[in-house]
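Accompanying notes for the structure given below.
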Amino acid sequence: MAQVTGDTLLVVGRTGNGKSSTINSILQKQVTTRGDEISVNTNGDLTLIDGSGIGDTGDDMIVTPRDLIDSIKEKMAQGFTALLFMLKYGVRFTQQEKNAVKTVKSIFGEDVFRNWGIIVMTHGDNFELDQDEDYCQSFQDWCQDQRGDIQNLFQECSGRCVLFNNKRPDDTQNQVLNSFVQKVKSTVKRPYSMLDFNHAKNMRDLWMQQNDKQYTVTIPDEDLISRPTANIHHYKSLMNARNMVQVLILAVPAILLYLWTFIAALIYIVLYLLVAYWKYNDQINALICSKKKLYISSAV
Ligand SMILES: Nc1nc2c(ncn2[C@@H]2O[C@H](COP(=O)(O)OP(=O)(O)O)[C@@H](O)[C@H]2O)c(=O)[nH]1
Ligand SMILES: [Mg+2]
């Protein structure tokens, strides 16, 4: 995608919607991005930021809200030209997708979609499969046919919605994306900057507060297996809490048992000495007296 030079695209959306695959398609090379952090990939002058975690909500969240915001601040210090919001073609626009939109707005500000948003719909191969000889529809027509919240989102982005087939990427989808990036640039005339980010501070703080609470929810163990890419920090903190409880449960009785054994041994020794003293009192006195006599006589 050589045309988009000097631009930075921030890629966000729920985990599994195709962020990493789309970055590979745009850069036309395989770049590895770690699932639990925001990574930056550049190809010439084009920079793509994989905003993993931005758009995940509730149990899907893979880092603490605070860590996520710190990571965003660091990686997008230079701002971004456009925000690519990933959706998956063929999957209903569920409450979780709506929450993802809300999260992105809470982090970057209410106007982020209106000014800088481009919807990228992955799984374009499924769109092609849905077309048959009798009924063939363009993707733009399909977008216009949508109703409800997804239509509102399309409108908010002024129809900037591109279909991506990451299984068989071609240059056409990159050209369409490029035309939308140019549209964003000519409409808003400036990249999203730290100034815009700072404007959204109040909303973001509120979001952090709400999600920090949600974040303490216990995740079942099997989730660790079904989501291998899930964030280590999340589970680490969870495991730490669990370990603390386990340590307390095991350690407190062990310490009590140890103390009790020690006290019992002490009582036994004292009692033994008392009994011994009482039992052999006469012999001990006799021994002491004889020693005294011996001492006195030797002195005389
Ligand atoms: N068939 C098909 N699969 C895709 C497409 N884009 C992504 N995927 C698959 O969707 C899954 C999640 O994609 P990934 O890029 O890891 O999503 P991320 O979690 O948002 O980074 C992977 O198995 C991809 O191979 C696409 O356009 N078509
Ligand atoms: Mg990824």
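A short reminder: the numbers here are calculations on the coordinates, not readings from a lab. Computed from a predicted structure; not experimentally measured. Quick reminder, even Gly has a Cβ in these numbers, built from the backbone with ideal geometry, and neighbours come from all protein chains shown.
Some observations on this one:
- Distant-in-sequence amide H partners of Thr8 (H built 1.01 Å from N, under 5 Å): Thr47, Thr81, Ala82
- When Arg204, Arg114, Arg92, Arg14 are arranged by Cβ crowding within 10 Å, least crowded first, meaning fewest neighbours, the order is Arg92, Arg114, Arg204, Arg14.
- Annotation for Arg92 and Leu273: the two label points, set 7 Å from Cα along the Cα-Cβ direction, are 8.0 nm apart.
- Protection proxy ranking, peptides 123-129, 105-111, average beta carbon neighbours within 10 Å, highest first: 105-111, 123-129
- Straight-distance candidates among the lysines for linking to Lys293, with alpha-carbon spacing under 27 Å and chain neighbours fewer than 8 residues away dropped: Lys279.
- Candidate lysines - alpha carbon under 30 Å from Lys185, same-chain residues fewer than 8 apart omitted: Lys19, Lys29, Lys73, Lys75, Lys88, Lys98, Lys102, Lys105, Lys167, Lys201
- Rough spin-label spacing in nm, given labels placed 7 Å along Cα→Cβ, for Gln210 and Leu259: 4.6
- Annotation: extensible slack from Ala251 through Val31 equals 74.5 nm (criterion: 0.36 nm per residue apart, minus Cα-Cα distance).
- Cut-off under 5 Å, modelled amide H: who pairs with Val162 long-range: Ile119, Val120, Met121
- For the peptides 187-197, 162-172, residues were scored by their other Cβ atoms within 10 Å and the scores averaged per peptide; the highest-first order is 162-172, 187-197.
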